[in-house]
Amino acid sequence: MIEEMPRAVRGDDSRGGDDSRGDNVLVAAEDLARDLAAFVVLDASVSFPKPRFDGDYRPESGLSAWSDAHIPGSVHVDLLGEFSAPDAPLHFTRPEPEHLAAALARIGAGSGTDIVVYDAGEMTWASRVWWMLRNIGIAARVLDGGLARWTELGLPISSEPSEPRAGIEPVDVTDHGLWRDRDDALAVSAGTAQGTLLCALDPEHFAGTATTRYARRGRIPGSRNLPAKSLLDVGVLRTRSELAAQVESALAAAARPLVVYCGGGVSACLVALALVRIGHDDIAVYDGSLAEWTEDPTLPMISDDRGAV
């Protein structure tokens, strides 16, 4: 369905579009634009201002920004609403598989449709939706570089309302076990379960030296660090060879599986996307991440400037 781009346009090492490993997780903006009407395009943007002080947690729906400027025909999906668990104590909590399948079906998306997800940020929100779909066996791709890359290339932008495709019957879905919860993360941290915790936050937040959105600064004991933002090069995912070198540096001799976390289980999904991109399949995401972990004072944290807290 997607026309192959010449190598000169793609860049070296197949930056977007095809995947020689057979696991299509990205689509280049140029490729999507050529066959836009063939896809269900989902905008997963969320507004999330930088924290002003520890515990300053203020996510807002990206619907307003989508209304102002979006890829023509795209549909906004609300990660603070229908695409999260209703009445959950934490923002962005994953919905049950049946709830997610039904939400998708209402906008004409399911296992038989070609789905592309994008956002107006740094691909983290789109990666979150992609991981949610992957967990229930529905294939999707993330737009490499998101709305910023699309705009940079001068591709069409609309402020017109989009009519969702006609609804379809929800597909039967299976939970593929790609998420982990607090007790799972605690067991890996304590060494009573196999695996390695991998923090997707930037080095300052990993060290506990920067203002945090969450209740306490620092990291879960035993964690390694692979910052989600470091996986991008001018807004698009780095090449496979670059990603492989970063992962090897961060995870040399690390026990598997990898349990990736961040602040709210969002940036962790971009790390998961990059890992899948280079052929890893031994990955899970800790859904509650530090938003959940730091609220419980009995759970340990390590901060470079304060030690264990």
Original post:
How far is helix 124-135 tilted off the main Cα axis of the chain, in degrees rounded to 10, range 0 to 90?
Top reply: 90 degrees
**OP:** Could you rank Arg106, Arg224 by how accessible they are, 1.4 Å probe, largest area first?
**Re:** Arg106, Arg224
Subject >> Å² per residue, accessible surface of the range 57-201 at 1.4 Å >> reply: 45 Å²
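For the chain, which whole-number percentage of the solvent-accessible area (1.4 Å probe, protein heavy atoms only) is attributable to carbon and sulfur atoms?
Details: 6490 of 13150 Å².
Of the solvent-accessible surface of the chain, carbon and sulfur hold 49 percent.
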Original post:
Roughly how compact is the chain, stated as its Cα Rg over 2.2 N^0.38 Å to two decimals?
Top reply: 0.96
Original post:
With each label point set 7 Å from Cα along the Cα-Cβ vector, what nm distance links Glu248 and Asp296?
Top reply: 3.8 nm
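Give the percent of DSSP beta bridges with both residues in the chain that are antiparallel, rounded to the nearest 5.
On the way: 8 of 29 bridges.
Roughly 30 percent of the beta bridges in the chain run antiparallel, per DSSP.
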**OP:** Report the extension gain between Asp304 and Ser241 in nm, rounded to one decimal, defined as 0.36 nm multiplied by the number of residues separating them, less their alpha carbon distance.
**Re:** 19.5 nm
Original post:
What is the helix-to-structure angle for 240-251, meaning the angle in degrees between its Cα long axis and the longest Cα principal axis of the chain, kept from 0 to 90 and rounded to the nearest 10?
Top reply: 20 degrees
**OP:** Amide H neighbours of Val75 under 5 Å, at least 5 residues apart or on other chains, H built in the peptide plane: list them.
**Re:** Val41, Leu42, Asp43
**OP:** Could you pull the Cα extents of the range 151-309 along its three principal axes, largest to smallest, in whole Å?
**Re:** 52, 38, 31
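Once you have a ≥ b ≥ c as the square roots of the Cα gyration tensor eigenvalues for the range 188-270, tell me rounded if a/c is under 1.5, and otherwise prolate or oblate according to whether a/b is larger than b/c. Don't skip to the end; give the middle numbers.
On the way: a/c = 2.03, a/b = 1.12, b/c = 1.81.
In terms of gyration-tensor shape, oblate.
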Subject >> Residues in the range 87-104 reached by a label modelled at Glu169 [backbone nitrogen below 15 Å; 7 Å Cα→Cβ] >> reply: 102
Original post:
When N is the residue count of the range 120-174, what does its C-alpha Rg come to as a fraction of 2.2 N^0.38 Å?
Top reply: 1.41
Subject >> In nm, spacing of pseudo-spin labels at Glu82 and Thr209 (7 Å Cα→C-beta vector) >> reply: 4.5 nm
**OP:** Could you pull out every residue, at least 5 positions away or on a different chain, whose amide H is within less than 5 Å of the one on Leu197? Hs are placed 1.01 Å off N in the peptide plane, and Pro or chain starts have none.
**Re:** Arg224, Val259
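The values are calculated or read from the model by the stated rules, or taken from the named source; none is laboratory data. Since this is a predicted model, take the numbers as computed values, not measurements. With ideal geometry, Cβ positions are generated from the backbone for all residues, glycine too; neighbour counts draw on all protein chains shown. When the accessible area is computed, the model is the full protein with side chains, heavy atoms only, and any ligands, DNA or RNA have been set aside. Shrake-Rupley method; radii C 1.70, N 1.55, O 1.52, S 1.80 Å.
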